[in-house]
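For reference, the structure discussed in these notes is given below.
The values are calculated or read from the model by the stated rules, or taken from the named source; none is laboratory data. Computed from a predicted model, the values in this text were never measured in an experiment. When we count neighbours, we look across all protein chains shown, and the Cβ atoms used for this are built from the backbone with ideal geometry, even at glycine.
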Amino acid sequence: MKQTISNKEILFIGLMTFSLFFGAGNLIFPPELGQNAGDHIAFAIGGFLISGVGLPLLGVLAIAHASDRGSTEDLSKKVNPVFAVVLTCITYLTVGPFFAGPRTGVVSYEIAVVPFLNDGGNSFTLAIFTFLYFLIVYILALNPSKFVDRFGKMITPFLLIVLFTLIAAVIFKPFNTPQTPSEEFAKYPLFKGITEGYLTMDTIVSVVFAMIIINAIRDRGIHQKKNIQRIIWKAGVIAVFFLSAVYIGLGYLGALSSSLPFTSGASILSGVAQEYFGVYGNIILGIAILLACIPTATGLLSSCAFYFNKLIPTVSYKTLVSIFVIFSGVVANVGLEQLIGLSVPVLHFIYPIIIVLIVLTFLDKLFNGQKFVYRGSVLFTMVVSLNDGLVAINKNWDFISPIINLPFNEMGFGWVFPALIGGVCGRLLSLLKK
């Protein structure tokens, strides 16, 4: 049995991991964050790296640690088997056909197509583009065993060259210096950066992509759990390096673009590319966005099809891919701003639960894997995160703040203290039961 693989293969798996994670939100949110953070960009982008890079790597490792087969369900089975299935279904659908998958298509359209349309785009051109886009995604998703070759060896190197060229142009010939930060970034830029990183969905996506990454390693003859974890660490460091470098560059690009009349991440990127390279800049950026979004959409919908095929074996993988691709194409026609608005409440609800489960997985040995610890911590977290999700929909739906002022709530981390209390209560209950 093989113990490891060559450094070259690890490099390609790392680049594939980068390509899977680096999709629509990863391109549009850092420039927007940079513009809003202004001269607080260092703290803001630092927070963004915590939730957009560090936590996703821990998510993949948590699945590799908790499961021999890369199953997302194993992350939460100690809470309750039924809860594990429900949470996993919600997670896959959220990052697949409901939000993240369609978002890749809409962002691609906004950056790769809209700048070349005289009318700024309409519902008809969006429908035509999303049809062609998701047709390509469908074709690629039918052969998941080729992801490393197609994404790691071919697409990612070209994508990195394009992005670093654009970032270098801004660094060596900046528009101006970073301006005064907006009100939301002036007080707690680090914590605001962390919550902005939620919007990439990468921590949630990590527990979905773990299956693809682990299967890619298994396909190369590595089957022992410790060896898989070791390779994930090495490939993960490669992915983390490139993700961090691109995020820092894009955030800095946004901070230096405040003189441009753009506010959204997509328009900032298009505007900067136009300013520096003219129409050719928009063409190159359009190609880059397609190369960033198509692998991510393919990985997301392929992972969804894998999971639901195991959950419902009577429905084939190919059929499920077809269903998810068609559904994503339909949802994509809602529009980018509407999609982001719809996804925010769901992310506020599910993100803290996933983070708590990842942390508990690594601390499992400290409390001997007691189920009551998992249950108490997740239950208390869920109450707060549900409240946060409702507040994201309507500020008047806050049912916790009138009763208790939770620590860190103003920073967006009101769930942290309840998670700790729930874990302690669960530990005490398990000791009493003994």
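Quick rundown of the values:
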| item | result |
| --- | --- |
| Residue identified as more than 30 Å from residue 39 (Cα to Cα) and surrounded by 13 or more Cβ atoms within 10 Å (Cβ to Cβ) among 136, 111 | 136 |
| Hits in the stretch 316-367 (condition: modelled with pLDDT under 85 and of a type in the set (S, T, N, Q)) | 338, 343 |
| Residue 312 vs. criteria modelled with pLDDT under 90 and not polar (S, T, N, Q) | no |
| Some residue of the stretch 393-406 being part of a helix (DSSP H, G or I), surrounded by 19 or more Cβ atoms within 10 Å (Cβ to Cβ) and β-branched (Val, Ile, Thr) | no |
| Contacts under 6 angstrom Cβ, first residue in the stretch 42-56 being part of a helix (DSSP H, G or I), partner polar (S, T, N, Q), 6 or more apart | 49/244; 52/200; 53/244; 55/203; 56/203; 56/206 |
| Criterion: touching a Leu at 6+ places or on another chain (Cβ under 8 Å), assigned by TED's automatic domain parsing to the domain that holds residue 91 and either farther than 26 Å from residue 88 by Cβ or in a helix (DSSP H, G or I) (or both) - qualifying residue of 289, 326 | 289 |
| Per-region count, the stretch 1-28, residues under 18 Å from residue 247 (Cβ atoms), assigned to a helix (DSSP H, G or I) and either modelled with pLDDT under 85 or out of contact with any Ser or Thr (no Cβ under 8 Å at 6 or more places or on another chain) (or both) | 9 |
| Test: residue in the stretch 99-117 that is part of a loop (DSSP other than H, G, I, E, B) and in contact (Cβ under 8 Å) with a residue 12 or more places away in the chain | yes |
| Residue that is farthest from residue 146 (Cα to Cα) [pool: residues in the stretch 167-223 that are assigned to a helix (DSSP H, G or I) and either modelled with pLDDT under 80 or outside the structural domain of residue 277 (by TED's automatic domain parsing) (or both)] | 183 |
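Each row is one residue, and each column tells you yes or no for (1) among the acidic types (Asp, Glu); (2) assigned by TED's automatic domain parsing to the domain that holds residue 191; (3) under 17 Å from residue 351 (Cβ atoms).
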site: 378; (1), (2), (3): no, no, yes
site: 397; (1), (2), (3): no, no, no
site: 410; (1), (2), (3): yes, no, no
site: 418; (1), (2), (3): no, no, yes
